[in-house]
Amino acid sequence: MKRVAILISGGGSNMLRLVEDMTGDHPCRPVLVASNDPAAGGLAKASQMGVPIAAVDHRHFRGDRAGFEAALLEPLLQAAPDIICLAGFMRILTPDFVQRFQGRMLNIHPSLLPKYPGLHTHARAIEAGDAEAGATVHLVTPDLDAGPILGQTRVPVLAGDTPDTLAARVLVREHQLYPAALRRFAAGDHTPLYL
Ligand code: GAR
C-alpha cells in the first residue's frame with residue numbers, strides 16, 4: 001500500500017476527490033493533508049474524512065523559504081509518504097525540497113502544459129483566443145510546471161467565457177483526471193493518460 005500526502009492551499013476539491021478515491025482496491029491510502037494556510041477550507045474537510053492534517057503558515061516565514069520548507073518537512077517526514085500530491089498548493093517549492101521527493105511528487109495545473117505555466121492560466125487562454133483549455137497532471141521537477149506529463153484533459157473554450165466560467169468547466173475535469181492519473185502512477189504506469 002502506498003502512502004500519499006496531499007498539499008493544499010485552499011478549498012481542496014481536488015484533494016477531496018483523491019481522498020474519496022483511495023479506498024478498496026486502490027493502491028494508495030491518504031496519510032496526511034497539509035497546507036501553508038491554517039484557514040484553508042480543505043483542512044477541515046480532510047479532518048472530517050479521518051485524514052491527519054497539518055498547517056504551516058507561510059506568513060510566519062516571510063523571506064525565509066528554507067525555514068518554511070523545513071517546518072513543512074516535519075509533518076511530512078513523520079507521515080513518511082511514498083507519493084506527494086500537490087492539489088491547489090500555491091507556493092513555489094525550492095529545488096532542494098523538490099529533489100528530496102523527485103519522481104514521486106505530482107501536481108495538477110489548470111492548463112494544457114506546456115502552455116501557460118504559472119498563474120492566471122484561464123485568462124491567458126481566453127486572451128490568446130484558444131479553442132481549447134484544460135488541465136495537466138505532471139511530475140514536479142525544479143522547473144515550474146515543466147515536469148513529465150502524466151495526464152491531460154481538454155475542454156472547449158466557449159464564446160463569452162470568463163476566467164471563472166472556464167475554470168469551473170476545467171475543474172470538473174480535474175476531478176476526473178487527478179484520481180485516475182494517481183491510480184495509474186501508483187500502479188507503476190508513467191505513460192500519459194488523456195481524458
Ligand atoms: C485547481 O484548479 C488546480 O488546478 C489549481 O488550483 C485549483 C485548486 O482547486 N492549481 C494551480 O493553479 C497550481 N498552480 P481546489 O483547491 O478546489 O482543488
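The values are calculated or read from the model by the stated rules, or taken from the named source; none is laboratory data. In this text, all values refer to a predicted model and were calculated from it rather than measured experimentally. Positions of Cβ are generated from backbone atoms using ideal geometry, with glycine treated the same way; all protein chains shown enter the neighbour counts. SASA here: full protein model, heavy atoms, side chains in, ligands and nucleic acids out. Shrake-Rupley method; radii C 1.70, N 1.55, O 1.52, S 1.80 Å.
For the stretch 24-116, what percent of Cα pairs sit more than 21 Å apart?
35
Need one word for the chain: rounded, prolate or oblate. Basis is the Cα gyration tensor (sqrt eigenvalues a ≥ b ≥ c); a/c below 1.5 gives rounded, then a/b vs b/c decides.
prolate
Restricting to DSSP H runs of at least four residues, report the calculated mean residue ellipticity at 222 nm for the chain, -39500 (n - 2.57) per run over all residues, nearest 500 deg cm²/dmol.
Counting only the DSSP helices, I get -11000 deg cm²/dmol.
Expressed as a rounded percentage, what relative contact order does the stretch 37-195 have, with Cα pairs under 8 Å and six or more residues apart?
16
Between Ala80 and Ala146, what FRET efficiency comes out of the Förster formula 1/(1 + (r/R0)^6) with R0 = 25 Å and r the beta carbon distance, rounded to 0.05?
Efficiency for this residue pair is about 0.35.
Can you give me the long-range amide H partners of Cys85? Hydrogens built in the peptide plane at 1.01 Å from N, cutoff under 5 Å, separation of 5 or more residues or another chain.
Amide H neighbours of Cys85, under 5 Å, 5+ apart: Ala5, Ile6, Leu7, Leu106.
If each residue of separation counts as 0.36 nm, what is the full-extension length gain between Glu20 and Arg3 once their alpha-carbon separation is subtracted?
4.7 nm
Any idea how far apart Ala159 and Ala44 come out in nm if each label point goes 7 Å out from Cα toward Cβ?
It works out to 4.2 nm between the two label points.
Could you give each residue of the stretch 28-41 its phi-based ³J(HN,Hα) in whole Hz, using Karplus coefficients 6.51, -1.76, 1.60 with θ = phi - 60°, and x for Gly or Pro?
10, 9, x, 10, 6, 10, 10, 9, 7, 10, x, 8, 4, x
Please state the relative contact order of the stretch 1-61 as a whole percent: Cα pairs under 8 Å, 6+ residues apart?
Reported as a whole number, the value is 37 percent.
Counting only heavy atoms of the protein chains, get the accessible area per residue of the stretch 107-195 (1.4 Å probe) and round it to a whole Å² value. Walk me through the numbers before you get to the answer.
Working: 4180 Å² over 89 residues.
Each residue of the stretch 107-195 exposes 47 Å² on average to a 1.4 Å probe.
Ala70 versus Asp189, label points 7 Å from Cα toward the beta carbon: distance in nm?
4.3
Return one number: the angle in degrees, 0 to 90 and rounded to the nearest 10, between the long axis of the Cα atoms of helix 163-186 and the longest principal axis of the Cα atoms of the chain.
The answer is roughly 50 degrees.
For the chain, modelled as a Gaussian network with Cα springs under 10 Å, which listed residue fluctuates most, Pro148, Pro163, Pro81?
Result: Pro163 has the largest fluctuation of those listed.
Probe radius 1.4 Å, ligands and nucleic acids ignored: give me the carbon and sulfur share of the accessible area of the chain as a rounded percent.
55
Might you tell me the accessible area per residue for the stretch 1-101, computed with a 1.4 Å probe and given in Å²?
Dividing the accessible area of the stretch 1-101 by its residue count gives 46 Å².
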